[in-house]
Amino acid sequence: MKTIGFAAYDTETPLAPFEFERRGLRPNDVAMEILYCGVCHSDLHTARNDWGWSYYPIVPGHEIVGRVTQVGPSVSGFKVGDHVAVGCMVDSCQECDQCKKGEEQLCREGMTGTYAGYDRVTKEPTQGGYSKHLVVREEFCLSVSDKLDLAKAAPLLCAGITTWSPLKTWNVGAGSRVGVIGLGGLGHMAVKLAVGLGADVTVISRTKDKEADALALGANRLLASSDSDAMSDAANHFDLIIDTVPVKHDLMPYLALLDVDATLVLVGQVGPLDEISTVPLLMGRRRVAGSPIGGIKETQELLDFCAEKNILPDCEMIRMDEINEAFERMEKADVRYRFVIDMASLAAPATA
């Protein structure tokens, strides 16, 4: 299937139109027209090869909502016209212990990324959702409830599941004391989801500047990390802290905020951190952990939970040809809180 998208052609130049082929349907494949695609900071990192595994040209985008246009003969869970979604992965081995328990993101052979990956059958590079069409195996296709606003749902497929998974892993519920460091695309979803689960939620930010925003999102309070007295008063307060900061930073100010047996989980930074002392970890039996996205079952549970609770990201809609400006604004944190591309702005009918 011929289609069109926007691709990075190298690390330096702006994204530009790119015509390419999507694979023909295998028996267990679902083909979709992409309606909306969220813009993730990972897209920018990949376009610039910040992590060292990009190839070119590469089409980013792994927060995808679409409409089924065709299904393979073995597909039983989807039909033409269904609203569906695809997140950060499109395949895994399906045979290892992690895959069998619904943790495909932790596949022992490595999950196949929606972009920056390689098809497990043809070995061709995968291309993401900044495009008009996508073909994906049924097992990695998700159902989207009619209760969800399709124009806002796309960021749930990365920002949503990235914060939902640790909330569920560490059993957050009514009465849990949750801190959220950072109030960007990930942070604002962590707040909304933790509130939806009944937690007492504190946004932790350098200053009080975002206090009104935090409260508007449902947080109970904002803790300014630059206020030494407030930080001292908050010692031993949290059962879980979700750290969404996407750059190298110092964890030490936050470790004393954890209660005994509590966890600070990193979901933002991919790479090095500042050196830490083990003293607060040892003295409080505290933990620092990392968490990627969730598995397919967990992602479907997230979509269903958001439909039930009417939880959606705060989005700014853009056209496909505005992506480079969106990247520049995202680098400056000039978005509240997630860009979503209306793929109707990319006119390109598929041809067989």
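First compute the accessible area of the chain with a 1.4 Å probe, then give the percent of it belonging to carbon and sulfur atoms. Walk me through the numbers on the way to the answer.
Details: 7440 of 15110 Å².
With neighbouring chains kept in place, the figure for the chain is 49 percent.
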*Give the whole-number value, in cubic angstrom per residue, of the convex hull volume spanned by the C-alpha atoms of region 227-311.*
134
*Under the Kirkwood approximation applied to all pairs of distinct alpha-carbon atoms, what is the hydrodynamic radius of region 121-279 in Å?*
17.2
*How high is the FRET efficiency between residue 206 and residue 108 when r is their beta carbon distance and R₀ equals 56 Å, given to the nearest 0.05?*
0.90
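Roll a 1.4 Å probe over the protein chains and send me the accessible area per residue for the chain in Å². Don't skip to the end; give the middle numbers.
On the way: 15110 Å² over 352 residues.
For the chain, the solvent-accessible area averages 43 Å² per residue.
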*asked:* Order 152-159, 282-289 from most to least packed using the mean count of other Cβ atoms within 10 Å.
replied: 152-159, 282-289
*Using +1 on the beta carbon of Lys and Arg, -1 on that of Asp and Glu, and nothing else charged, what's the dipole of region 188-294 about the Cα centre, debye to 20?*
260
*Just subtract the alpha-carbon distance of residue 74 and residue 285 from 0.36 nm times their residue separation and send over the number in nm, one decimal.*
71.0 nm
*Using every Cα-Cα pair within region 69-198, state what percent have a distance larger than 24 Å.*
39
*Any idea which of 276, 310, 323 is furthest toward the positive side of the dipole for region 267-352, if Lys and Arg beta-carbons carry +1 and Asp and Glu beta-carbons -1?*
276
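Beta carbons within 10 angstrom, averaged per residue: use that to sort the peptides 230-243, 114-127, highest first.
On the way: 230-243: 19.6, 114-127: 17.4.
Order by mean packing, descending: 230-243, 114-127.
Only four residue types carry charge here, +1 at the Cβ of Lys and Arg and -1 at the Cβ of Asp and Glu. Report the dipole size of the chain about the Cα centre in Debye, rounded to the nearest 20. Please report the intermediate quantities before stating the final value.
Values: 34 positive and 49 negative charges, 114 e Å.
Computed about the Cα centre, the dipole is about 540 debye.
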*Amide H neighbours of residue 257 under 5 Å, counting only residues 5+ apart in sequence or on other chains, H built in-plane at 1.01 Å?*
236
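What FRET efficiency comes out for the pair residue 16/residue 247, r = Cβ-Cβ distance, R0 = 22 Å, nearest 0.05?
On the way: r = 27 Å, r/R0 = 1.24.
Working from the Cβ atoms, E equals 0.20.
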*Given only helices, namely DSSP H runs of n ≥ 4 each adding -39500 (n - 2.57), what is the per-residue ellipticity at 222 nm of the chain, to the nearest 500 deg cm²/dmol?*
-6000 deg cm²/dmol
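The values are calculated or read from the model by the stated rules, or taken from the named source; none is laboratory data. Since we're looking at a predicted model, the values are computed, not measured. Neighbour counts run over all protein chains shown; Cβ positions are idealised from the backbone, glycine included. When the accessible area is computed, the model is the full protein with side chains, heavy atoms only, and any ligands, DNA or RNA have been set aside. Shrake-Rupley method; radii C 1.70, N 1.55, O 1.52, S 1.80 Å.
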